[in-house]
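**Student:** Sharing a structure with you now.
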Amino acid sequence: MKDAGEDVVAFAAGEPDFDTPTFIKDAAKAALDAGDTRYTARGAEKLKQAVADKLARENGQHVQSDQVICTFGGKHAIYAAMQVLLNPGDKVLIPSPYWVSYPEMVRLAGGQPVFLPARAKDGFKVTPRQILDAAPGAKILIMNSPCNPTGVTYSPAELQAIAAAVLQTGLAVLSDEIYERLVYGQTQAVSFASLDKALPERTITVNGFAKTFSMPGWRLGWAAGPKNVIAAMRRLMSHETSDVAGFVVAGGLAALTSPQAPAAIEAMRVEFEKRGVHMAARLNAISGVQCVQPTGAFYCFPDISSHFGRTIGGVKITDSLTFAQAMLETCKVALVPGGAFGEDACVRLSFATSMAQIDKGLDRLEKVLTL
Ligand code: PLP
(Lines give C-alpha, C1' and ligand atoms only; values in the text may rest on other atoms or scores of the structure.)
Protein backbone atom coordinates (compact mmCIF):
# COMPACT_ATOMS: atom_id res chain seq x y z
CA MET A 1 0.00 0.00 0.00
CA LYS A 2 2.89 2.33 0.79
CA ASP A 3 4.43 1.63 -2.60
CA ALA A 4 1.09 2.59 -4.17
CA GLY A 5 1.42 5.97 -2.44
CA GLU A 6 -1.02 5.31 0.41
CA ASP A 7 -0.47 7.03 3.74
CA VAL A 8 0.03 3.95 5.93
CA VAL A 9 1.11 4.40 9.55
CA ALA A 10 3.34 1.38 10.22
CA PHE A 11 3.67 0.06 13.76
CA ALA A 12 5.22 -3.15 12.48
CA ALA A 13 8.95 -2.37 12.71
CA GLY A 14 11.14 -4.73 14.69
CA GLU A 15 14.13 -2.41 14.43
CA PRO A 16 15.11 1.00 15.84
CA ASP A 17 14.24 3.94 13.60
CA PHE A 18 17.50 5.73 14.48
CA ASP A 19 20.52 5.73 12.21
CA THR A 20 23.62 3.90 13.47
CA PRO A 21 25.67 6.37 15.58
CA THR A 22 28.33 8.17 13.55
CA PHE A 23 31.32 6.94 15.57
CA ILE A 24 30.35 3.34 14.71
CA LYS A 25 29.95 4.08 11.01
CA ASP A 26 33.27 5.94 11.01
CA ALA A 27 35.05 2.92 12.51
CA ALA A 28 33.67 0.68 9.76
CA LYS A 29 34.59 3.21 7.06
CA ALA A 30 38.13 3.44 8.42
CA ALA A 31 38.42 -0.35 8.36
CA LEU A 32 37.26 -0.43 4.73
CA ASP A 33 39.72 2.30 3.79
CA ALA A 34 42.48 0.35 5.52
CA GLY A 35 41.70 -2.64 3.30
CA ASP A 36 39.83 -4.80 5.80
CA THR A 37 37.98 -6.60 3.02
CA ARG A 38 39.46 -10.06 3.27
CA TYR A 39 38.34 -13.10 5.25
CA THR A 40 38.21 -12.14 8.91
CA ALA A 41 40.83 -13.59 11.19
CA ARG A 42 42.24 -11.55 14.05
CA GLY A 43 39.55 -8.83 14.02
CA ALA A 44 36.89 -11.24 15.20
CA GLU A 45 39.25 -12.30 18.01
CA LYS A 46 39.33 -8.70 19.23
CA LEU A 47 35.56 -8.48 19.15
CA LYS A 48 35.23 -11.73 21.12
CA GLN A 49 37.52 -10.28 23.78
CA ALA A 50 35.49 -7.03 23.79
CA VAL A 51 32.31 -9.10 24.33
CA ALA A 52 33.99 -10.99 27.20
CA ASP A 53 35.04 -7.65 28.74
CA LYS A 54 31.52 -6.26 28.34
CA LEU A 55 30.03 -9.33 30.03
CA ALA A 56 32.39 -8.91 32.99
CA ARG A 57 31.81 -5.14 33.18
CA GLU A 58 28.04 -5.00 32.70
CA ASN A 59 26.60 -8.44 33.28
CA GLY A 60 28.53 -10.09 36.09
CA GLN A 61 29.54 -12.93 33.76
CA HIS A 62 33.15 -14.06 33.53
CA VAL A 63 34.07 -15.89 30.33
CA GLN A 64 37.20 -16.42 28.26
CA SER A 65 37.16 -15.22 24.67
CA ASP A 66 36.93 -18.85 23.45
CA GLN A 67 33.54 -18.97 25.16
CA VAL A 68 32.26 -16.29 22.79
CA ILE A 69 31.21 -16.58 19.14
CA CYS A 70 30.40 -13.63 16.85
CA THR A 71 27.56 -14.37 14.48
CA PHE A 72 25.45 -12.85 11.72
CA GLY A 73 23.00 -11.27 14.17
CA GLY A 74 21.52 -12.60 17.37
CA LYS A 75 19.16 -14.62 15.20
CA HIS A 76 22.02 -16.63 13.72
CA ALA A 77 23.44 -17.27 17.21
CA ILE A 78 20.14 -18.79 18.37
CA TYR A 79 19.82 -20.85 15.19
CA ALA A 80 23.37 -22.21 15.51
CA ALA A 81 22.86 -23.01 19.20
CA MET A 82 19.71 -25.01 18.40
CA GLN A 83 21.49 -26.85 15.59
CA VAL A 84 24.32 -28.03 17.83
CA LEU A 85 22.28 -28.72 20.99
CA LEU A 86 19.20 -30.52 19.74
CA ASN A 87 18.74 -34.11 18.69
CA PRO A 88 15.58 -35.15 16.82
CA GLY A 89 12.54 -34.97 19.10
CA ASP A 90 14.25 -32.98 21.89
CA LYS A 91 11.81 -30.69 23.69
CA VAL A 92 12.40 -26.97 24.14
CA LEU A 93 10.34 -24.95 26.62
CA ILE A 94 9.23 -21.61 25.17
CA PRO A 95 7.26 -19.08 27.23
CA SER A 96 4.34 -17.92 25.08
CA PRO A 97 3.92 -15.20 23.73
CA TYR A 98 7.32 -15.72 22.12
CA TRP A 99 9.50 -14.18 19.45
CA VAL A 100 8.30 -15.67 16.15
CA SER A 101 11.54 -17.38 15.20
CA TYR A 102 12.07 -19.54 18.32
CA PRO A 103 9.64 -22.36 17.45
CA GLU A 104 10.78 -22.43 13.83
CA MET A 105 14.43 -22.60 14.83
CA VAL A 106 13.66 -25.46 17.21
CA ARG A 107 11.78 -27.30 14.47
CA LEU A 108 14.55 -26.66 11.92
CA ALA A 109 16.92 -28.43 14.31
CA GLY A 110 14.52 -31.39 14.60
CA GLY A 111 13.35 -30.36 18.05
CA GLN A 112 9.87 -29.96 19.45
CA PRO A 113 8.64 -26.66 20.94
CA VAL A 114 6.63 -26.92 24.16
CA PHE A 115 4.85 -23.68 24.99
CA LEU A 116 4.49 -22.39 28.54
CA PRO A 117 1.55 -19.95 28.65
CA ALA A 118 2.44 -16.52 30.05
CA ARG A 119 -0.85 -14.66 29.93
CA ALA A 120 -1.58 -10.94 30.35
CA LYS A 121 -3.24 -11.55 33.75
CA ASP A 122 0.13 -12.94 34.96
CA GLY A 123 2.01 -9.95 33.53
CA PHE A 124 3.07 -12.11 30.53
CA LYS A 125 5.51 -14.01 32.78
CA VAL A 126 5.98 -17.71 33.42
CA THR A 127 6.37 -19.05 36.95
CA PRO A 128 8.98 -21.39 38.45
CA ARG A 129 6.16 -23.92 38.98
CA GLN A 130 5.36 -24.02 35.25
CA ILE A 131 9.01 -24.66 34.49
CA LEU A 132 9.32 -27.43 37.08
CA ASP A 133 6.15 -29.11 35.79
CA ALA A 134 7.25 -29.01 32.16
CA ALA A 135 10.94 -29.83 32.72
CA PRO A 136 10.86 -33.66 32.79
CA GLY A 137 11.93 -34.80 29.32
CA ALA A 138 12.78 -31.28 28.12
CA LYS A 139 16.28 -30.15 27.21
CA ILE A 140 16.30 -26.34 26.91
CA LEU A 141 14.35 -23.39 28.28
CA ILE A 142 14.36 -20.20 26.21
CA MET A 143 14.19 -16.99 28.24
CA ASN A 144 13.76 -13.57 26.63
CA SER A 145 13.74 -10.61 29.00
CA PRO A 146 13.00 -7.85 28.04
CA CYS A 147 10.58 -9.67 25.76
CA ASN A 148 9.54 -9.28 22.16
CA PRO A 149 6.49 -9.05 21.69
CA THR A 150 5.19 -8.21 25.18
CA GLY A 151 7.66 -5.50 26.25
CA VAL A 152 7.80 -7.20 29.65
CA THR A 153 10.99 -7.52 31.74
CA TYR A 154 11.33 -10.05 34.59
CA SER A 155 12.48 -8.46 37.86
CA PRO A 156 15.76 -9.70 39.34
CA ALA A 157 13.78 -11.54 42.06
CA GLU A 158 11.51 -13.24 39.51
CA LEU A 159 14.49 -14.36 37.46
CA GLN A 160 16.25 -15.55 40.59
CA ALA A 161 13.24 -17.75 41.39
CA ILE A 162 13.24 -19.12 37.84
CA ALA A 163 16.98 -19.77 38.11
CA ALA A 164 16.42 -21.70 41.36
CA ALA A 165 13.78 -23.82 39.59
CA VAL A 166 16.05 -24.44 36.61
CA LEU A 167 18.80 -25.66 38.93
CA GLN A 168 16.46 -28.35 40.26
CA THR A 169 16.16 -29.73 36.72
CA GLY A 170 18.49 -30.83 33.97
CA LEU A 171 17.49 -27.93 31.73
CA ALA A 172 19.93 -25.82 29.78
CA VAL A 173 18.89 -22.19 29.23
CA LEU A 174 19.17 -20.03 26.17
CA SER A 175 18.87 -16.48 27.46
CA ASP A 176 18.11 -14.02 24.67
CA GLU A 177 19.17 -10.66 26.13
CA ILE A 178 19.08 -8.62 22.94
CA TYR A 179 16.89 -5.89 24.51
CA GLU A 180 18.85 -5.71 27.80
CA ARG A 181 19.80 -2.04 27.42
CA LEU A 182 16.31 -0.88 26.44
CA VAL A 183 14.61 -0.82 29.84
CA TYR A 184 12.39 1.87 31.32
CA GLY A 185 11.48 3.43 34.65
CA GLN A 186 13.08 1.61 37.58
CA THR A 187 13.41 -1.59 35.55
CA GLN A 188 16.66 -3.49 35.82
CA ALA A 189 17.55 -6.22 33.33
CA VAL A 190 19.80 -8.90 34.79
CA SER A 191 21.76 -11.53 32.94
CA PHE A 192 20.45 -15.02 33.60
CA ALA A 193 23.88 -16.69 33.82
CA SER A 194 24.98 -14.25 36.56
CA LEU A 195 22.28 -15.40 38.99
CA ASP A 196 24.06 -18.48 40.35
CA LYS A 197 27.54 -19.88 40.04
CA ALA A 198 26.09 -23.15 38.72
CA LEU A 199 24.34 -21.41 35.80
CA PRO A 200 27.19 -20.49 33.43
CA GLU A 201 27.86 -24.13 32.60
CA ARG A 202 24.29 -24.59 31.39
CA THR A 203 23.42 -21.14 29.99
CA ILE A 204 23.97 -19.72 26.53
CA THR A 205 23.63 -15.94 26.53
CA VAL A 206 22.65 -14.39 23.19
CA ASN A 207 22.89 -10.73 22.35
CA GLY A 208 23.61 -8.47 19.39
CA PHE A 209 24.13 -4.97 18.10
CA ALA A 210 20.83 -4.47 16.24
CA LYS A 211 18.69 -3.01 19.02
CA THR A 212 21.08 -1.38 21.53
CA PHE A 213 23.28 0.28 18.93
CA SER A 214 20.73 0.67 16.14
CA MET A 215 22.68 -1.63 13.81
CA PRO A 216 20.04 -4.08 12.51
CA GLY A 217 21.31 -4.22 8.94
CA TRP A 218 24.89 -4.87 9.95
CA ARG A 219 23.98 -8.44 10.91
CA LEU A 220 26.19 -8.72 13.95
CA GLY A 221 25.46 -10.63 17.15
CA TRP A 222 27.08 -13.04 19.53
CA ALA A 223 26.63 -15.90 21.94
CA ALA A 224 28.58 -16.74 25.09
CA GLY A 225 28.43 -20.04 26.91
CA PRO A 226 30.15 -23.30 27.76
CA LYS A 227 33.35 -23.82 25.76
CA ASN A 228 32.21 -27.09 24.15
CA VAL A 229 28.93 -25.59 22.91
CA ILE A 230 30.65 -22.52 21.49
CA ALA A 231 33.27 -24.76 19.85
CA ALA A 232 30.51 -26.81 18.21
CA MET A 233 28.83 -23.62 16.98
CA ARG A 234 32.18 -22.50 15.54
CA ARG A 235 32.56 -25.80 13.67
CA LEU A 236 29.04 -25.44 12.25
CA MET A 237 29.65 -21.82 11.27
CA SER A 238 32.99 -22.60 9.62
CA HIS A 239 31.15 -24.73 7.04
CA GLU A 240 28.07 -22.57 6.90
CA THR A 241 28.99 -18.89 6.67
CA SER A 242 32.61 -18.38 7.87
CA ASP A 243 33.23 -15.33 10.02
CA VAL A 244 31.40 -12.01 10.02
CA ALA A 245 32.91 -9.25 7.83
CA GLY A 246 36.00 -7.43 9.12
CA PHE A 247 34.64 -3.91 8.63
CA VAL A 248 31.44 -4.91 10.42
CA VAL A 249 33.56 -6.24 13.29
CA ALA A 250 35.29 -2.84 13.40
CA GLY A 251 31.89 -1.17 13.85
CA GLY A 252 31.00 -3.64 16.60
CA LEU A 253 34.30 -3.01 18.38
CA ALA A 254 33.66 0.73 18.35
CA ALA A 255 30.13 0.12 19.71
CA LEU A 256 31.46 -1.91 22.65
CA THR A 257 34.58 0.08 23.46
CA SER A 258 34.18 3.72 22.38
CA PRO A 259 33.79 6.33 25.15
CA GLN A 260 31.04 7.86 22.95
CA ALA A 261 28.85 4.74 23.20
CA PRO A 262 27.13 5.25 26.59
CA ALA A 263 25.75 8.71 25.73
CA ALA A 264 24.65 7.59 22.26
CA ILE A 265 22.69 4.59 23.49
CA GLU A 266 21.22 6.48 26.44
CA ALA A 267 19.83 9.14 24.08
CA MET A 268 18.01 6.45 22.10
CA ARG A 269 16.78 4.68 25.24
CA VAL A 270 15.34 7.91 26.65
CA GLU A 271 13.46 8.57 23.42
CA PHE A 272 12.06 5.01 23.37
CA GLU A 273 10.94 5.38 26.98
CA LYS A 274 8.96 8.57 26.22
CA ARG A 275 7.28 6.92 23.27
CA GLY A 276 6.47 3.72 25.17
CA VAL A 277 4.81 5.59 28.03
CA HIS A 278 2.81 7.70 25.58
CA MET A 279 1.74 4.81 23.34
CA ALA A 280 0.60 2.59 26.23
CA ALA A 281 -1.38 5.47 27.80
CA ARG A 282 -3.09 6.26 24.51
CA LEU A 283 -3.89 2.59 23.85
CA ASN A 284 -5.41 2.16 27.30
CA ALA A 285 -7.64 5.19 26.64
CA ILE A 286 -9.25 3.42 23.65
CA SER A 287 -12.42 1.46 24.40
CA GLY A 288 -11.92 -2.31 24.44
CA VAL A 289 -8.11 -2.06 24.42
CA GLN A 290 -5.96 -3.09 27.39
CA CYS A 291 -2.22 -2.69 27.36
CA VAL A 292 0.36 -3.84 29.91
CA GLN A 293 2.90 -1.02 30.36
CA PRO A 294 6.09 -2.07 28.55
CA THR A 295 9.17 -2.07 30.81
CA GLY A 296 11.59 -2.95 28.03
CA ALA A 297 12.16 -3.45 24.26
CA PHE A 298 10.06 -1.20 21.98
CA TYR A 299 6.69 -2.91 21.76
CA CYS A 300 3.19 -2.53 23.15
CA PHE A 301 1.14 -5.74 23.09
CA PRO A 302 -2.45 -4.75 23.85
CA ASP A 303 -5.36 -7.15 24.26
CA ILE A 304 -7.96 -6.21 21.63
CA SER A 305 -10.14 -9.31 21.95
CA SER A 306 -13.20 -7.43 23.16
CA HIS A 307 -13.55 -6.22 19.55
CA PHE A 308 -13.91 -9.80 18.30
CA GLY A 309 -17.36 -10.32 16.81
CA ARG A 310 -17.56 -6.77 15.38
CA THR A 311 -17.52 -6.02 11.68
CA ILE A 312 -15.34 -3.05 10.80
CA GLY A 313 -14.95 -1.83 7.23
CA GLY A 314 -16.62 -4.97 5.93
CA VAL A 315 -14.19 -7.26 7.76
CA LYS A 316 -15.66 -9.58 10.38
CA ILE A 317 -13.18 -9.57 13.25
CA THR A 318 -12.68 -13.03 14.71
CA ASP A 319 -9.00 -13.07 15.69
CA SER A 320 -5.83 -10.95 15.74
CA LEU A 321 -5.26 -11.44 12.02
CA THR A 322 -8.70 -10.18 10.97
CA PHE A 323 -8.36 -7.33 13.49
CA ALA A 324 -5.05 -6.28 11.88
CA GLN A 325 -6.61 -6.64 8.43
CA ALA A 326 -9.57 -4.44 9.41
CA MET A 327 -7.27 -1.74 10.83
CA LEU A 328 -5.11 -1.76 7.71
CA GLU A 329 -8.07 -1.55 5.39
CA THR A 330 -10.19 0.98 7.27
CA CYS A 331 -7.62 3.38 8.72
CA LYS A 332 -4.32 2.38 7.12
CA VAL A 333 -2.59 1.42 10.33
CA ALA A 334 -0.26 -1.60 10.15
CA LEU A 335 -0.10 -3.81 13.27
CA VAL A 336 1.34 -7.29 13.73
CA PRO A 337 -1.26 -9.95 14.68
CA GLY A 338 -0.51 -11.53 18.06
CA GLY A 339 -1.26 -14.97 16.65
CA ALA A 340 2.20 -14.90 15.09
CA PHE A 341 3.62 -14.77 18.63
CA GLY A 342 1.25 -17.37 20.10
CA GLU A 343 -1.31 -14.92 21.60
CA ASP A 344 -4.35 -14.35 19.45
CA ALA A 345 -6.04 -11.91 21.86
CA CYS A 346 -3.37 -9.29 21.20
CA VAL A 347 -1.67 -7.28 18.48
CA ARG A 348 1.87 -5.89 18.54
CA LEU A 349 2.61 -2.21 17.98
CA SER A 350 6.22 -1.10 17.73
CA PHE A 351 7.13 2.33 19.05
CA ALA A 352 10.30 2.40 16.99
CA THR A 353 8.76 5.27 15.06
CA SER A 354 8.39 9.01 15.64
CA MET A 355 6.05 10.54 18.21
CA ALA A 356 4.20 12.24 15.33
CA GLN A 357 3.56 8.88 13.64
CA ILE A 358 2.50 7.35 16.97
CA ASP A 359 -0.10 10.09 17.49
CA LYS A 360 -1.30 9.94 13.90
CA GLY A 361 -1.76 6.14 14.04
CA LEU A 362 -3.42 6.19 17.45
CA ASP A 363 -5.80 8.98 16.42
CA ARG A 364 -6.90 6.73 13.57
CA LEU A 365 -7.28 3.61 15.74
CA GLU A 366 -9.21 5.57 18.36
CA LYS A 367 -11.65 6.84 15.76
CA VAL A 368 -12.32 3.40 14.29
CA LEU A 369 -12.50 1.52 17.59
CA THR A 370 -14.61 3.89 19.66
CA LEU A 371 -17.95 2.21 20.10
N1 PLP B 1 15.79 -11.97 19.57
C2 PLP B 1 14.70 -11.20 19.61
C3 PLP B 1 13.77 -11.34 20.76
C4 PLP B 1 14.44 -10.29 18.57
O5 PLP B 1 13.35 -9.52 18.62
C6 PLP B 1 15.34 -10.23 17.49
C7 PLP B 1 15.07 -9.34 16.33
O8 PLP B 1 13.99 -8.91 16.08
C9 PLP B 1 16.47 -11.04 17.52
C10 PLP B 1 16.67 -11.91 18.57
C11 PLP B 1 17.48 -11.07 16.40
O12 PLP B 1 18.12 -9.88 16.18
P13 PLP B 1 19.32 -9.76 15.13
O14 PLP B 1 19.47 -11.06 14.41
O15 PLP B 1 18.93 -8.65 14.23
O16 PLP B 1 20.54 -9.46 15.97
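The values are calculated or read from the model by the stated rules, or taken from the named source; none is laboratory data. Small disclaimer: the values here were computed from a predicted structure and weren't measured. Every residue, glycine as well, gets a Cβ built from its backbone with ideal geometry; the counts of neighbours run over all protein chains shown. To get the accessible areas, we keep the full protein, side chains included, count just its heavy atoms, and leave off ligands, DNA and RNA. Shrake-Rupley method; radii C 1.70, N 1.55, O 1.52, S 1.80 Å.
**Student:** In whole percent, how big is the carbon plus sulfur part of the accessible area of the chain, probe 1.4 Å, protein atoms only?
**Tutor:** The C+S portion of the solvent-accessible surface of the chain is 53 percent.
**Student:** So if I take the centroid of the Cα atoms in the range 263-278 and the same for the range 138-175, what is the distance between those two points in Å?
**Tutor:** Here the answer is 26 Å between Cα centres.
**Student:** Only Lys, Arg, Asp and Glu count, each charged at its Cβ (+1, +1, -1, -1), so figure out the dipole size of the range 1-115 about its Cα centre, rounded to 20 debye.
**Tutor:** With only Lys, Arg, Asp and Glu charged at Cβ, the dipole is about 520 debye.
**Student:** Taking a virtual spin label 7 Å from the Cα of ARG234 along the C-beta vector, which residues in the range 51-77 bring their backbone nitrogen under 11 Å of it?
**Tutor:** Within reach of a label on ARG234, which here means backbone N under 11 Å from a point 7 Å along Cα→Cβ, the range 51-77 contributes 65-70.
**Student:** How big is the dipole moment of the range 239-371 about its Cα centre under a simple scheme where the beta carbon of each Lys and Arg is +1, that of each Asp and Glu is -1, and everything else is neutral? Debye, nearest 20, please.
**Tutor:** The dipole of the range 239-371 has a size of about 500 debye.
**Student:** Cα centroids of the range 74-112 and the range 233-253: how far apart, whole angstrom?
**Tutor:** Spelled out, the Cα-based centre of one part sits 21 Å from the other.
**Student:** Now, a different point. Whose amide H sits under 5 Å from the amide H of VAL347, counting only residues 5 or more places off or on another chain, with H placed in the peptide plane?
**Tutor:** ILE304, GLY338
**Student:** Let me ask something else. By DSSP, what percent of the beta bridges with both residues in the chain are antiparallel, rounded to the nearest 5?
**Tutor:** Taking every DSSP beta bridge with both residues in the chain, the antiparallel ones total about 45 percent.
**Student:** Then there's this: Given the options LEU93, LEU328, PHE23, identify the residue whose Cα lies farthest towards the positive end of the charge dipole of the chain (+1 on Cβ of Lys, Arg; -1 on Cβ of Asp, Glu).
**Tutor:** LEU93
**Student:** Still on this structure, please answer the following. Toward the positive end of the charge dipole of the chain, about the Cα centre and with charges on Cβ (Lys, Arg +1; Asp, Glu -1), which of ALA138, GLY342, GLY14 goes farthest?
**Tutor:** It is ALA138, whose Cα lies furthest towards the positive end.
**Student:** Quote the charge dipole size of the range 22-257 about the Cα centre in Debye, to the nearest 20; the model charges only the Cβ of Lys and Arg (+1) and of Asp and Glu (-1).
**Tutor:** Result for the range 22-257 is approximately 120 debye, rounded to the nearest 20.
**Student:** Then there's this: Just to be sure I follow the definition: excluding the sites themselves, where is the longest run in the chain that has none of the trypsin sites (Lys or Arg not before Pro) in a DSSP loop with at most 11 other Cβ atoms within 10 Å?
**Tutor:** With a cap of 11 other Cβ atoms within 10 Å, the longest stretch comes to 198-371.
**Student:** Would you mind checking which residues have amide H under 5 Å from VAL173's amide H? H placed 1.01 Å from N; only 5 or more apart, or other chain.
**Tutor:** Amide H neighbours of VAL173: LEU141, THR203, ILE204.
**Student:** Relative contact order, percent, of the chain when contacts are C-alpha pairs under 8 Å separated by at least 6 residues?
**Tutor:** Reported as a whole number, the value is 23 percent.
**Student:** Can you pick out the pairs among LYS25/LYS48; LYS2/LYS29; LYS75/LYS274; LYS54/LYS75; LYS211/LYS316; LYS29/LYS227 whose Cα atoms lie more than 25 Å from each other?
**Tutor:** Violating the 25 Å limit, Cα to Cα: LYS2/LYS29; LYS75/LYS274; LYS211/LYS316; LYS29/LYS227.
**Student:** Moving to a separate point now. If you keep only loop residues by DSSP, which GluC sites (Glu not before Pro) in the range 239-305 have at most 12 other Cβ atoms within 10 Å of their Cβ?
**Tutor:** none
**Student:** Would you mind checking the radius of gyration and Dmax of the chain based on alpha-carbon positions, in Å?
**Tutor:** Over the chain's Cα set, Rg and Dmax evaluate to 20.8, 62 Å.
**Student:** Let me ask something additional. Restricting attention to the range 1-91, which chymotrypsin sites (Phe, Trp or Tyr not before Pro) occupy a DSSP loop and are surrounded by at most 16 other Cβ atoms within 10 Å?
**Tutor:** Here the chymotrypsin sites (Phe, Trp or Tyr not before Pro) that fit, given the DSSP loop and packing criteria, are PHE18, TYR39.
**Student:** Can you work out the accessible area per residue across the chain, with the rest of the protein chains kept in place, probe 1.4 Å, in square angstrom?
**Tutor:** 42 Å²
**Student:** Round to the nearest 0.05 the FRET efficiency obtained for ASP319 and ALA164 when R0 = 51 Å and r is the Cβ-Cβ distance.
**Tutor:** The calculated FRET efficiency here is 0.85.
**Student:** Turning to a different aspect of this structure: For the range 29-130, state which GluC sites (Glu not before Pro) are in a DSSP loop and have at most 11 other beta carbons lying within 10 Å of their beta carbon.
**Tutor:** The qualifying sites: there are none.
**Student:** Skipping prolines and chain starts, which residues have an amide H placed within reach, meaning under 5 Å, of the one on ALA10, given they are 5 or more residues away or on another chain?
**Tutor:** Residues meeting the amide H criterion: ALA334.
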